[in-house]
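Since the structure comes first, as structure tokens, the remarks are kept for the end.
The values are calculated or read from the model by the stated rules, or taken from the named source; none is laboratory data. A quick note: this is a predicted structure, and the numbers were derived from the prediction, not measured. Neighbour counts are summed over all protein chains in view; Cβ atoms, including those assigned to glycine, are modelled from backbone coordinates with ideal geometry.
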Ligand code: SAM
Ligand code: SF4
């Protein structure tokens, strides 16, 4: 009988992407995906350590899984991801019933290592450096839950040193994937029926920074594509820019939507704005992480921009790109944040007029610079009050921007039945806004309104977090040229 696996993902899109990679490797190895951790043969916990509670959540989950392990000896437990990278042997010390601990640099070996645990017993394999093999870099293919859409990692690691952030420690230094290889991968995805590509990197808009002449000479990236085409007239530019990559991806036959996350404000170049402005397939949404609106805190964080510079770049982006939606990340309660610092954040947030924001309570991450500023930690009740005040400012602009869309007709990529109301469908606009819309009787055919269809929806009402609308028209149904592997988990 086929063995089954269940993957639980904690954290960001990078982790979601790694989970898809793990799932595909296991599927390739003959496993089937399951949505039930209690009955699966293998449970993979793909961990995150960016913010607090990661270990509490992990050990809580491992505690529940121990009961299953006690009953079924052949049941396997895998811990992967950045908490595994950081805590390594500690995980098996605290939970000796775990079979495999695998870090961020070698997720591509999960299936092989899992197999080895049957003969060798428990394995902990954490690498300090990435394995730069094809397997590691290659995309896991279309997203398992949304088969018309795929994440493509264009770069791994991060060379910045934001004082609060653990990513450089657990994901390593920044490495860009070869340009030609990325385009080849997107072409393959397009042939498989994918129409939406999200380019992923921790500092995605600095893509190519490490692809130098030397790398080109040594054949690390494809000279045919990256060659003279990306040199300036004077021959000055010797590497591809992120804007070049987005444009090329957008031109691939079958690709209708190109998205990216996360760009760093200090590295937002005019070329990226220009590519977004002039290429209709590059969606008009910019995730633009502010972190703080206080220059003093931004300097302590080592973000490399002032509030004024951030707002200038945002203004340039809005001037250049038609109908741009902007979202952000903001941390509340960075060590030493005064009321004055926080008010500066409120002011920048109000002036930026965000469409939405991920707001985080500062969480000390062991080994980071800010975690050592213990004497300046902010009292939880002060943080909680600031967090609520920030939410009011964000929701105000989000609602205003969403209400301004009422009456407009938006092209929506259908994600499936609404989770809240099965009589409605949900999808995303070009600006990445979630829209719930009715299923008119004439469009009830599952085939025509299937996941991956593009439809026109008239926006009828708005909240700070989503839009509601009325289906007008099915623009096109998904066409999968090859059978896509779809598995739920
Ligand atoms: N590379 C992206 C950038 O520079 O904006 C961010 C990547 S990080 C995985 C996602 C978000 O988590 C950050 O933008 C930040 O707001 C938040 N974050 C990271 N470390 C944090 C910490 N120690 N406490 C609270 N939030 C944190
Ligand atoms: Fe972390 Fe800063 Fe790198 Fe983003 S840019 S991943 S916040 S160190």
Practice task
Taking only segment 163-199 into account, find how many residues are farther than 22 Å from residue 264 by Cβ, under 16 Å from the mean Cα position of the chain (by Cα) and in a helix (DSSP H, G or I).
Solution key: 0
Fill in the blank from the handout: By residue number, the members of segment 25-53 that are in contact with a helix residue (DSSP H, G or I) (Cβ under 6 Å, 6 or more places away or on another chain), assigned to a loop (DSSP other than H, G, I, E, B) and without any contact (Cβ under 8 Å) to a residue 60 or more places away in the chain are 48
Completion exercise
Expected single match for in contact with a helix residue (DSSP H, G or I) (Cβ under 9 Å, 6 or more places away or on another chain), modelled with pLDDT under 90 and surrounded by fewer than 16 Cβ atoms within 10 Å (Cβ to Cβ) among 56, 112 is 112
Problem - Boolean, residue 286 is under 17 Å from the mean Cα position of the chain (by Cα), within 16 Å of ligand 2 (Cβ to nearest atom) and under 17 Å from residue 245 (Cα atoms) - result: yes
Exercise for the section: May I ask you to verify whether residue 200 is touching a strand residue (DSSP E or B) at 6+ places or on another chain (Cβ under 9 Å), within 16 Å of ligand 1 (Cβ to nearest atom) and either modelled with pLDDT of 75 or more or farther than 30 Å from residue 430 by Cβ (or both)? Expected result: yes
Fill in the blank from the handout: Within segment 304-343, the residues that are under 16 Å from residue 373 (Cβ atoms), within 16 Å of ligand 1 (Cβ to nearest atom) and surrounded by fewer than 17 Cβ atoms within 10 Å (Cβ to Cβ) are 336
Exercise for the section: Report yes if residue 11 is at pLDDT below 90, under 22 Å from residue 111 (Cβ atoms) and surrounded by fewer than 16 Cβ atoms within 10 Å (Cβ to Cβ), otherwise no. Expected result: no
Completion exercise
Screening 98, 102 for residues that are over 23 Å from residue 157 (Cα atoms) and buried (at least 22 other Cβ atoms within 10 Å of the Cβ) leaves only 98
Practice task
Would you check if residue 150 is more than 16 Å from ligand 1 (Cβ to nearest atom) and modelled with pLDDT of 90 or more?
Solution key: yes
Problem - Evaluation of residue 407 against (1) within 26 Å of residue 281 (Cα to Cα); (2) surrounded by 13 or more Cβ atoms within 10 Å (Cβ to Cβ); (3) more than 12 Å from ligand 1 (Cβ to nearest atom) (one fails), failing number - result: (2)
Handout entry: Selection within segment 241-269 - part of a loop (DSSP other than H, G, I, E, B) and farther than 20 Å from residue 156 by Cβ
Key = 251, 252, 253, 254, 255, 256, 268, 269
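Conditions tested, residue by residue: (1) in contact with a helix residue (DSSP H, G or I) (Cβ under 9 Å, 6 or more places away or on another chain); (2) in contact (Cβ under 8 Å) with a residue 24 or more places away in the chain; (3) assigned to a helix (DSSP H, G or I).
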{"residue": "399", "(1), (2), (3)": "no, yes, yes"}
{"residue": "405", "(1), (2), (3)": "no, yes, no"}
{"residue": "422", "(1), (2), (3)": "no, no, no"}
{"residue": "436", "(1), (2), (3)": "no, yes, no"}
Practice task
Looking only at segment 443-460, decide whether some residue is surrounded by fewer than 20 Cβ atoms within 10 Å (Cβ to Cβ), at pLDDT 95 or above and over 23 Å from residue 259 (Cβ atoms).
Solution key: yes
Handout entry: Selection within segment 335-383 - under 24 Å from the mean Cα position of the chain (by Cα) and closer than 21 Å to residue 313 by Cβ
Key = 349, 352, 353, 354, 355, 356, 357, 358, 359
Exercise for the section: Would you confirm whether any residue within segment 283-303 is in a loop (DSSP other than H, G, I, E, B) and more than 16 Å from ligand 1 (Cβ to nearest atom)? Expected result: yes
Fill in the blank from the handout: Quick count over segment 348-367, residues being farther than 20 Å from residue 380 by Cα and within 16 Å of ligand 2 (Cβ to nearest atom), is 2
Handout entry: Filter pass, residue 30 being closer than 21 Å to residue 101 by Cβ and either surrounded by fewer than 18 Cβ atoms within 10 Å (Cβ to Cβ) or within 16 Å of ligand 1 (Cβ to nearest atom) (or both)
Key = no
